[in-house]
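The values are calculated or read from the model by the stated rules, or taken from the named source; none is laboratory data. Small disclaimer: the values here were computed from a predicted structure and weren't measured. Glycine gets a Cβ as well: all are built from the backbone with ideal geometry, and neighbour counts include every protein chain shown. These accessible areas exclude ligands, DNA and RNA; they are computed on the full protein's heavy atoms, side chains included. Shrake-Rupley method; radii C 1.70, N 1.55, O 1.52, S 1.80 Å.
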Amino acid sequence: MATDRIRSVGAALVAFASIAFAQPDVTDITRQPDAYNTWKLALTPGVATDAAAIKAPAGFKVELLRSAAPDEDSWIALAFDPKGRLTIAREKKGLLRMTLRDCRAGAPPATPDRQAERLPYKTDSAVEKVEVIDDALLECRGLLYAHGALYANANNSKVLVRLRDTDGDDVFDQTEELLRTEGGVGHGRNHVKSGPDGMLYLVHGNNVVAPLNAALDSPLRNFQDDRLIPCPWDPQMFDGDVKLPAGHILRGDPDGKKWTLVAGGFRNPLDVAFNEDGEMFTFDADMEWDTGTPWYRPCRVNHVVSGADFGWRRGTSKWPEYFPDCGPTTVNIGLASPTGIEFGTRSHFPPQWRRALFICDWSYGRIVAVHLAPRGATYAGTAENFLAGKPLNVTDVAFGPDGAMYFVTGGRRTQSGLYRVSYVGPKVEELLAPTDASAAAARALRHRLEAMHGRAQAGAVDEIWPHLASSDPVIRHAARIALEWQDVNEWQTRALAEKDPTGCLTALMALARNGTNEMQRPLIERLNALHFGALDEEQQILAARVVQLTLIRLGPLEPTLAAPLTQRLDALYPARDWRVTHLLCELLAHLRAPSFRDKTVALLVEAKRSEDLLHYLFFLRLAPGGWTLDQRRIYFTALNHAETLEGARDYQRSMKMLRAEVLEQLTPAEHEAIAPLLAAATSIAVPQSSGPQVLVRDWKMEDLTPSLDRVTRGRSFDAGKQAFAGAQCVLCHRIGQMGGLVGPDLTAVSSRFNRRDLLDSILNPSRVIDDKFRQIVFTLKSGASVVGTIEREDAKTVTVRTNPVAAQTSTLNLADVQSREPSSVSPMPPGLLNVLTQNQILDLLAYIESGGNPQHPDFRQ
């Protein structure tokens, strides 16, 4: 039985929940880390990462104040109460209160003695008292003391509550529900902050459904997917069921009576923070599986402005940041896992750091300092690592009354710690930061325009109009949103008559988003009257996006309108700016321009970036017939080349979908003529295992740990490669260009995991399961159950992938489903190593450490 299970393809499903990518030196912010799961190094319970192992800038001291005891759970959020005590949220449920010694304004930081630091779980010289103050709220990701109360955003309870001590006995005796929300809990109910206006700001990820009772005067409204050509693959991709506005930020009064949507189109922002100017920022997550695709959006710091849509959409439909209707990106960080953020305003740090925005990166073990500088009505920024550790699975950060930084580690049941960061270096002279009067004036203008978001008012159109032509895109954005709140009948004629190209195009964008179908003809005629070739590149991007929105929102074009528009756009294609070229590619594919195929095939020949290759391949699949054999050869040659480039799971998945779709379009004659090009470039022969395919032993960590030092030298590369196949790793994981794409690429995993952690992840795959790879258990009314990942779902059915390796699916009628719940068992079964001998296991570990490099030191005699 055990041997059959090991041998079965179905048993070798995804080893993804345990092992993942790798990251380069964390001191270099400009490098793109390729590891995701460094946090798993913190799975061993006991003591949090030694403070001495955390890298910090000169002059800063890092202290581990307390490691979580086994009964204190993993820690995910923190906040200081008015008495200077810490409230810490436990991951499963409940809240802890910690009383610290010498954490008061002006007090020098306490120094834990070295003997206390060696004690398990705590350092009593720093933490005076720990008490449970709530044991009911589930996974409070956000904590805020304000207005005489504690606000807690309880993700798994799906509610924001207000806790009060009504009788002054230091015990919360009143809990009020302020906002209950629907939706999932993965990218869920995150932080709650108090703004400079005294209002509450609530941060939600894209699995939370925005409240249906959001105020009608919400700055963010009228949102749609707004992608011209929907992709049939999108519902199959991760978060394929996300509802707009996706991740969002709500603004509410202290009593939770009224909530407005401030901004949306995020994936999973965990937190917001306000700078000294009162401006709001967030740190939004990427979808790391999209790396290499034209729709990949890196983790980034966003300046959150009123009414902004930041363009997160499911699958291939995400907006690129250059869309003029997309909210502003301040700093692209790259691969990361955003958690808490905070400005250093209340710190005792030197000025350089006190003005910085500190953003926490959970997976890659760092706190990054973002240095912002005004740029018009918004900001530009640079980033550098402030703290880095291995692991340093940081979940939240706050500044205490003593001016020190406090942060906690934890999450996903990992070992937690409470840390303090103090500046102990030489005094840095305080220099007054130069005042940028022009930037201050630009922000003030933006605020005046934003005051018109949510209401129509007399004379507003005249006040707004000059700013539609502003050279500052954020001013234009604020003006356009303000214009959209005014009666369209008051300004649509003016929009069509506007002479300034930028002002005209900005007004036409507002008209495309808010006009009726009757406005399509005059709008397109006005666009056709523009001399596209005379526009600068930013205006061309704006013009192309207005055309897209007109086609999306106001319906298909009549031939008399489509022909001259197609001719004008075709004359620009390809453009000097790749962004314009990408926009025109989609537009001309949609309009079925006669020259689209020929011009785009020519672009394929010159394309070097994976993003360009995939973009052109993606839209060429829509080109009508009439292909020459040479063009077909160019297409499949480019597709084969693209498959060899680096890209994450959805990049490679898209290549497979493209190949399958275009193969169906070929005639029998084309199949025969270009047959050698039609096989996937990544179809590499999998080595056969030379070892016994019978049960050798039920291996445990204690059996193999004493032998791990034998991996270092004299291992066999070929035997390790064969073991990679024999243990069925190759079915789900890739090393180099060999292997599957169901689980993470293991090529660089050794740069983040030592071999003991790697071995433990293989032997105990269900210990922690990443939500991205967790299966769902569907219990049917008949009593049967189906386990797998959701492939697609509509109003009547759900398609479940029950075997990712074999692509087996089962379609269920929703009417037959009794319940669904996340599985607690990893798709990767335990025991995969049981068909290997000890030497084969050691060779396998060496092979994985080598990243497929036979010259690795582990293979030297």
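Worth a mention:
- Cα centroid separation, the stretch 194-273 to the stretch 360-393 (Å): 24
- The trypsin sites (Lys or Arg not before Pro) found in the stretch 358-451 that occupy coil by DSSP, while having at most 12 further C-beta atoms within 10 Å, are 427.
- Radius of gyration (Cα atoms) of the chain, expressed as a multiple of 2.2 N^0.38 Å: 0.99.
- Probe 1.4 Å, all protein chains present, accessible-area order of 801, 621, 860, largest first: 860, 801, 621
- Positive-end extreme of charge dipole, the chain - chosen from 492, 49, 833 (charges on Cβ): 833
- Global form of the stretch 238-305, assessed from the alpha-carbon gyration tensor, a/c cut-off 1.5: oblate
- Theoretical ellipticity at 222 nm over the chain - DSSP helices of four or more residues, -39500 (n - 2.57) apiece, nearest 500: -7500 deg cm²/dmol
- The listed residues 646, 611 rank as 646, 611 when sorted by accessible area, largest first, using a 1.4 Å probe.
- Here's the list of lysines a cross-link from residue 656 could span, going by alpha-carbon distance under 26 Å and ignoring same-chain residues fewer than 8 apart: 318, 599, 608, 721, 772.
- Couplings 3J(HN,Hα) for the stretch 812-818, derived from phi with the Karplus relation 6.51 cos²θ - 1.76 cosθ + 1.60 (θ = phi - 60°), are 10, 7, 4, 5, 8, 8, 7 Hz, where x marks Gly and Pro.
- Take the Cβ atoms of residue 430 and residue 102, set R0 to 35 Å, and the FRET efficiency comes out at 0.90.
- With all protein chains kept in place, the per residue accessible area of the chain amounts to 39 square angstrom at a probe of 1.4 angstrom.
- Paramagnetic label zone (point 7 Å from Cα along Cα-to-C-beta, residue 516; backbone N under 20 Å) in the stretch 539-563: 550-558
- Distance between modelled label sites at residue 678 and residue 165, nm, 7 Å Cα→Cβ extension: 7.5
- Rolling a 1.4 Å probe over the protein heavy atoms leaves residue 194 with an accessible area of roughly 50 Å².
- Summing charges over neighbours of residue 552, with a neighbour being any other residue whose Cβ is under 13 Å away from its Cβ, gives +1 when K and R count +1 and D and E count -1.
- Two-decimal log10 I(q)/I(0) for the stretch 168-210, as the Debye equation yields it once each C-alpha is a single scatterer, q = 0.22, 0.33 Å⁻¹: -0.85, -1.08
- In this structure, residue 571 and residue 622 have a Cβ-Cβ separation that, at R0 = 25 Å, corresponds to a calculated FRET efficiency of about 0.75.
- Label-to-label distance, nm, for residues given as residue 384 and residue 810 (7 Å Cα→Cβ offset): 5.6
- All other residues whose Cβ lies under 14 angstrom from that of residue 853 are scored, Lys and Arg at +1 and Asp and Glu at -1, for a net of 0.
- Straight-distance candidates among the lysines for linking to residue 129, with alpha-carbon spacing under 18 Å and chain neighbours fewer than 8 residues away dropped: 83.
- Taking amide hydrogens as placed 1.01 Å from N in the peptide plane, the amide H of residue 362 sits under 5 Å from those of 337, 339, each at least 5 positions away in sequence or on another chain.
- Per-residue accessible area (protein heavy atoms, 1.4 Å probe) orders 524, 634 as 634, 524, starting from the largest.
- Charge tally for residue 779 (other residues, Cβ to Cβ under 14 Å; Lys, Arg +1; Asp, Glu -1): 0.
- Solvent-accessible area, 1.4 Å probe, carbon plus sulfur percent, for the stretch 333-468: 56
- Every Cα-Cα pair of the stretch 516-669 was included, and the share exceeding 23 Å stands at 42 percent.
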